[in-house]
Amino acid sequence: MNNKTIPTGYLRKVHHIAFNVADMQASRHFYGHILGLHELTGEEIPETLKELVAVGKVANFVTPDGTVIDLFGEPQLLPPDPDPSKSFTRAYHLAFDIDSQFFDQSVSVIRENNLVIAYGPLTRPTGRGVYFYDPDGFMIEIRCDPD
């Protein structure tokens, strides 16, 4: 392997995405109830995280394609800028793909939960999308391919 690049195809998929969150309960509600992701419990929790999960420091969610989202409780986390359009991290957003038949329903759920929408819903040549913020001000996108 060349020391300047990892060859294309060596990285197979996103394994997990980790977020520091100020309010674990609000974030668990957001990812589990609003977005409908499955929270790992019991024997599903990786052995290396069981103790942290047991004390409420970590929560793990999994998407239908197997990507794990790890939430790490950081109660002292500085709050995001009051203007949610101002980036506070180098990460820009986390995008979830959805079947186009469920896109409008997802937008309704976002609105019903009074989440701050940054952009959209938008229609582009690549499909439709809506960008909104999680409880810690991280931008989330729900997008679908064009019909």
- prompt: Rounded, prolate or oblate: which fits segment 91-138 when a ≥ b ≥ c are the square roots of the eigenvalues of the alpha-carbon gyration tensor, with rounded for a/c under 1.5 and prolate only if a/b beats b/c?
  reply: oblate
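Over the chain, average the accessible area per residue using a 1.4 Å probe and give it in Å², no decimals. Don't jump to the answer; show the numbers that get you there.
Working: 9740 Å² over 147 residues.
Result: 66 Å² per residue.
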- prompt: Which of the trypsin sites (Lys or Arg not before Pro) across segment 25-71 are loop residues per DSSP, with 16 or fewer other Cβ within 10 Å?
  reply: Lys57
task: Pop out the ³J(HN,Hα) list for segment 33-40 in order, Karplus 6.51 cos²θ - 1.76 cosθ + 1.60 with θ = phi - 60°, rounded to Hz; leave Gly and Pro as x.
output: 8, 6, 7, x, 7, 7, 8, 6
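Looking at the chain, send over the antiparallel percent of its DSSP beta bridges, to the nearest 5.
60 percent
Could you work out the relative contact order of the chain, using alpha carbon pairs under 8 angstrom and six or more residues apart, expressed as a whole percent? Numbers along the way, then the final one.
Numbers: 213 pairs, mean separation 33.7, N = 147.
Relative contact order for the chain comes out at 23 percent.
For the chain, what number of Lys pairs, 8 or more residues apart or on separate chains, have alpha-carbon atoms under 30 Å from each other? Let's see the in-between values first.
On the way: Lys4/Lys13; Lys13/Lys50; Lys13/Lys57; Lys13/Lys86; Lys57/Lys86.
Taking the Cα cut-off of 30 Å, the pair count is 5.
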field: Three-way shape call for the chain based on the alpha-carbon gyration tensor, with the a/c threshold at 1.5
entry: rounded
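Please compute the net charge surrounding Leu71, taking Lys and Arg as +1 and Asp and Glu as -1 over other residues with Cβ under 14 Å from its Cβ.
Numbers: positive: Arg28, Lys57; negative: Asp23, Glu39, Asp70, Glu74, Asp134, Asp136.
That sum, taken over residues with Cβ under 14 Å, equals -4.
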- request: Would you tally the net charge around Ser100, using a Cβ to Cβ cut-off of less than 14 Å, leaving Ser100 out, and scoring K and R as +1, D and E as -1?
  value: -2
- line: Asserting the computed 222 nm helical MRE of the chain (DSSP H runs at least 4 long, -39500 (n - 2.57) per run, divided by residue count, to nearest 500) equals -3500 deg cm²/dmol
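The values are calculated or read from the model by the stated rules, or taken from the named source; none is laboratory data. Since this is a predicted model, take the numbers as computed values, not measurements. Note that each Cβ is placed from the backbone with ideal geometry, even for glycine, and that neighbours are counted across all protein chains shown. Note: accessible area is taken over every heavy atom of the protein model, side chains too, but ligands, DNA and RNA are not part of it. Shrake-Rupley method; radii C 1.70, N 1.55, O 1.52, S 1.80 Å.
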